[in-house]
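Below is one structure, written out as structure tokens, with a few remarks after it.
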Amino acid sequence: MARAGVTTEGLTRAAAEVADEIGFENVTVAALARRFGVRDASLYSHIRNARDLRVRIAVLALAELADQVAAALAGRAGKDALVAFANAYRDYATRHPGRYAATQTELDPATAAASAASRHVEMTRAILRGYALPEAEEIDAVRLLHSTFHGYVSLEAAFRFRHHPRELGASWSRVLDALDIALRNWPSA
């Protein structure tokens, strides 16, 4: 029997908060049960298992990130769009480290198709239209942008840049300048 007031959506949101507090890798059914003051078993009427819980966090985080990026992109093109997308991405990763980690979860094809994952690719492609890249080259550029953004925010979150004298925001701006130059001067195949 489901506990009154506990819903699948409420569990997912609470699990996302737990992920931000203690790390996505530490989210367990037991940790979530403690948060709700219930036994682990009582949560299984809302979730199948820990994997299901983690996938739900990933789907939630992908939607939140897509909404944040979409709002930042509105009415922008070219470098302005690139910078807005990148800053929204980095801001989300900084404010929600556990949820951001969840966005890297591999989803089965059906779940991925139903999630906001495809919105991320489409928004990235929208940025690239401002650079007039040939359509055949877009996937390579999408991969470049995602790997650069993910790499930077992951290294930043792991404090890998703490011993460097240059301020992180200044380096981030230079990275975005370099990406803009690369996209404007994309090599022909």
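Here, each number is a calculation from the coordinates, and none is a lab measurement. On a predicted model such as this, the values are computed, not experimentally measured, just so you know. Don't worry about glycine lacking a Cβ; one is built from the backbone with ideal geometry, like all the others, and counts go over all protein chains shown.
Side notes on the structure shown:
- Residues within the stretch 123-140 that are under 17 Å from ASP80 (Cα atoms) and either hydrophobic (A, V, I, L, M, F, W, C) or surrounded by fewer than 14 Cβ atoms within 10 Å (Cβ to Cβ) (or both), tallied: 7
- Any hit, the stretch 22-44, residues being touching a residue at least 40 places away in the same chain (Cβ under 8 Å), surrounded by fewer than 17 Cβ atoms within 10 Å (Cβ to Cβ) and over 22 Å from the mean Cα position of the chain (by Cα): yes
- Matching entry among ARG125, ARG184 (being among the basic types (Lys, Arg) and within 21 Å of the chain's Cα centre (by Cα)): ARG125
- If you go through the stretch 74-108 and keep only what is of a type in the set (D, E, K, R), closer than 18 Å to ARG56 by Cβ and in a helix (DSSP H, G or I), you end up with just ARG99.
- In the stretch 145-183, the residue that is surrounded by the most Cβ atoms within 10 Å (Cβ to Cβ) out of those that are basic (Lys, Arg) and farther than 26 Å from PHE24 by Cα is ARG174.
- Qualifying residue in the stretch 76-99 (condition: in contact (Cβ under 8 Å) with a residue 60 or more places away in the chain, touching a His at 6+ places or on another chain (Cβ under 9 Å), closer than 27 Å to LEU53 by Cα and not charged (D, E, K, R)): yes
- Sole exception among (1) of a type in the set (Ser, Thr, Tyr); (2) under 21 Å from ALA15 (Cα atoms); (3) surrounded by fewer than 16 Cβ atoms within 10 Å (Cβ to Cβ); (4) free of Cβ contacts under 8 Å to residues at least 40 places away in the same chain for SER118, by number: (2)
- Residue in the stretch 11-20 that is closer than 23 Å to TYR92 by Cβ, touching a residue at least 60 places away in the same chain (Cβ under 8 Å), part of a loop (DSSP other than H, G, I, E, B) and within 22 Å of the chain's Cα centre (by Cα) present: no
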